[in-house]
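Undergrad: Before I ask anything, here is the structure I am working with.
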Amino acid sequence: MKIGVNLLPEHTSVPALRDAWRAAESLGVDSLWIWDHFFPVTGDPEGRSFECWALIAAMAADTRTATVGSLVSACGYRNPDLLADMARTVDHISGGRVVLGIGAGWMRRDYEAYGYPFPADRERLDELEQSLIRVRARLPQLRPPPLGPLPVLVGGSGERVTLRLVAQYADAWNCTGALDEFARKNAALDDWCGRVGRDPASIERTISVFAEEAPLALPEYAAAGAQHVIRSVRYPFDLTDVAELVAQRG
């Protein structure tokens, strides 16, 4: 079981984030993540917030062992070819440790405040599929190529479309929510893999859980099919629970 930390870049400062990702890596976590929003999602909507990929680049330079990535980048915010190039460049900064997380996006304010159209759900899912195709096509064309494997992670749990996209295009999948729901979605992803001719074992299964939610029992998550548990932690970035998870994993 892998253990990760998603550091929420809201209501905080860059020095606090840097201290947190250094501390998390020192605990022995496997992955470090930043979500992709332009405004706070929780608390004061006019509070502090920092951009995802600039932080990931700093995190890549500050750390040595954990993978670093976006959980997840909304496909509508950036040209997908540019996003692939950004991830490849940060992959070089990290020494080959980047994971490119992509999703359909959901926060209307992010889109409209930055001048992006906010289409209906189905259109955003269509846009996600086109973005995945373009990212997959662009990565092999970049010179120099990524240093590491640069896996593509898709975030979301819609059973009719999103999980099909995971089965067709992703190296990893991220889901949020209760454990029983995760288990059901995980089985649905296996079903989609069968339909599209994909080996289910080739897709890493990750689940993100907020730190203020109930303590985690890793055997229960493993039994549900999770291979990678990611704790989402808010400022002031108390990592006590993360340390316990690392110790529980052994």
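The values are calculated or read from the model by the stated rules, or taken from the named source; none is laboratory data. Since the model is a prediction, treat every value here as computed from it, not as a measurement. Quick reminder, even Gly has a Cβ in these numbers, built from the backbone with ideal geometry, and neighbours come from all protein chains shown. Remember, those area values only see protein heavy atoms, side chains included, never the ligands or the DNA or RNA. Shrake-Rupley method; radii C 1.70, N 1.55, O 1.52, S 1.80 Å.
Undergrad: Determine the pairs where a residue that is open to solvent by less than 10 Å² (accessible area, probe 1.4 Å) and modelled with pLDDT under 95, located within segment 58-71, has a partner that is in a helix (DSSP H, G or I) and charged (D, E, K, R) with Cβ atoms under 7 Å apart, the partner being 6 or more residues away or on another chain.
TA: No pair meets every condition.
Undergrad: Being closer than 14 Å to LEU7 by Cβ and among the charged types (D, E, K, R) is the filter here, so list the residues in segment 43-62 that pass it.
TA: Listed by number, the residues that qualify are ARG48, GLU51, ASP62.
Undergrad: Could you please tell me which pairs satisfy a Cβ distance under 6 Å, a separation of 6+ or placement on different chains, a first residue in segment 29-49 that is under 24 Å from ASP62 (Cα atoms), and a second residue that is open to solvent by less than 10 Å² (accessible area, probe 1.4 Å) and among the polar types (S, T, N, Q)?
TA: TRP33/ASN6; ASP36/SER70; ASP36/SER73
Undergrad: Kindly list the number of the only condition in (1) modelled with pLDDT under 95; (2) open to solvent by less than 30 Å² (accessible area, probe 1.4 Å) that fails for GLU10.
TA: Against the list (1) modelled with pLDDT under 95; (2) open to solvent by less than 30 Å² (accessible area, probe 1.4 Å), GLU10 comes up short only on (1).
Undergrad: Here's a follow-up. I need the full set of residues from segment 15-28 which are open to solvent by 10 Å² or more (accessible area, probe 1.4 Å), in contact (Cβ under 8 Å) with a residue 24 or more places away in the chain and of a type outside the set (Lys, Arg), in order please.
TA: Hits for segment 15-28 are ALA16, ASP19, ALA23, GLU25, LEU27, GLY28.
Undergrad: Being in contact with a Pro (Cβ under 8 Å, 6 or more places away or on another chain) and closer than 28 Å to TYR77 by Cβ narrows it down to one of ARG198, ARG138, ARG160, so name that one.
TA: Going through ARG198, ARG138, ARG160 in turn, the sole match is ARG138.
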